[in-house]
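Participant: Here it is, the structure in full.
The values are calculated or read from the model by the stated rules, or taken from the named source; none is laboratory data. The structure presented is a predicted model; accordingly, all values stated were derived computationally and were not measured. Virtual Cβ from ideal backbone geometry, glycine too; neighbours counted across all protein chains shown. All accessible areas refer to the heavy atoms of the entire protein, side chains included, with ligands and DNA or RNA removed. Shrake-Rupley method; radii C 1.70, N 1.55, O 1.52, S 1.80 Å.
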Amino acid sequence: MRIPIPEEKTFVHESIIPIRWGDMDAFGHVNNAVYFRYIEQARINWLDSLGLSFAQQDQGVVVVNAFCNFVKQIEYPADLLVKTYIANPTRVGLDTFNVMSLTKDPDTIYATSGATIVWVDFKAKKAASWPADLKAKLHI
């Protein structure tokens, strides 16, 4: 079962992530679990671009679900082009989506993915409203 990426979404960031030799499995292609590392890195790159600190804070972003649709095998050597989009913002969270291709083959989709992120008050251990400055940067 494939989880579709919504048509209505907002492009927010683009990352280039090199494929490492150790990312491959015994079958000579990138191991499925590694795709989630690529998704994570693309999300961190985007949040870094917003100036979000990942040092221990009282509040921050938590991933509450994630998925990946594997479309075409990726092999070393290559550079992955990961486009990040957002959709469905709420008072406390939003959905992120990624479209993965290769820098040398940007028109071919190799994987699509998504995750829901929620802003959390770590002391209260519950979801909290987006801070006003971050909400402005997210345009939500």
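Participant: R2 to A124: extension gain in nm, 0.36 nm per residue of separation minus the Cα-Cα distance?
Facilitator: 40.4 nm
Participant: Another question, if that's okay. Give me the three principal axis extents of the chain from the C-alpha atoms, as integers in angstrom, largest value leading.
Facilitator: Here the spans come out as 45, 32, 28 Å, largest first.
Participant: Dipole size in debye (nearest 20) for segment 78-135 around its Cα centre, Lys and Arg Cβ +1, Asp and Glu Cβ -1?
Facilitator: So the dipole magnitude of segment 78-135 works out to roughly 400 debye.
Participant: Return the carbon/sulfur percentage of the accessible area of segment 1-110, one whole number, probe 1.4 Å, all protein chains in place.
Facilitator: Of all accessible area on segment 1-110, carbon and sulfur atoms account for 51 percent.
Participant: At a probe size of 1.4 Å, how large is the accessible area of D133, to the nearest 10 Å²?
Facilitator: Around 100 Å² of this residue is reachable by solvent.
Participant: Given +1 on the Cβ of Lys and Arg, -1 on the Cβ of Asp and Glu, and no further charges, what dipole in debye does the chain carry about its Cα centre, rounded to the nearest 20?
Facilitator: The dipole magnitude comes to about 420 debye.
Participant: For helix 32-49, report the angle its Cα long axis makes with the longest principal axis of the Cα atoms of the chain; keep it between 0 and 90° and round to the nearest 10°.
Facilitator: Between helix and principal axis, roughly 50 degrees.
Participant: For I44 paired with T103, estimate the spin-label separation in nm (one decimal), with each label point 7 Å from Cα along the Cα-to-Cβ line.
Facilitator: 1.9 nm
Participant: Also, quick follow-up: Take every Cα pair under 8 Å in the chain that's 6+ residues apart, average their separations, divide by the length, and report that relative contact order as a whole percent.
Facilitator: Result for the chain is 28 percent.
Participant: Projected onto the charge dipole of segment 56-140 (+1 at Lys/Arg Cβ, -1 at Asp/Glu Cβ, origin at the Cα centre), which of L80, W130, T103 gives the Cα projection farthest towards the positive end?
Facilitator: W130
Participant: Once fully extended, how much extra length lies between E75 and E14, figured as 0.36 nm per residue of separation less the alpha-carbon to alpha-carbon distance?
Facilitator: Between E75 and E14, full extension yields an extra 19.9 nm.
Participant: Heavy atoms only, 1.4 Å probe, whole protein assembly: order M1, M100, M24 by accessible area, highest first.
Facilitator: M1, M24, M100
Participant: Once you have a ≥ b ≥ c as the square roots of the Cα gyration tensor eigenvalues for segment 75-118, tell me rounded if a/c is under 1.5, and otherwise prolate or oblate according to whether a/b is larger than b/c.
Facilitator: prolate
Participant: With each label point set 7 Å from Cα along the Cα-Cβ vector, what nm distance links N31 and K137?
Facilitator: According to this spin-label approximation, the distance is 3.3 nm.
Participant: Before rounding to the nearest 500, sum -39500 (n - 2.57) across all DSSP H runs of length at least 4 in the chain and divide by the residue total; then give [θ] at 222 nm in deg cm²/dmol.
Facilitator: -5500 deg cm²/dmol
Participant: Sort D58, D107 by heavy-atom solvent-accessible area, probe 1.4 angstrom, most to least.
Facilitator: From most accessible down to least: D107, D58.
Participant: Step through the table entries K9/K137; K9/K126; K83/K104; K104/K137; K9/K104; K72/K104, compare each Cα-Cα distance with 20 Å, and write down the pairs that go over it.
Facilitator: Pairs exceeding the cut-off: K9/K126; K104/K137; K9/K104.
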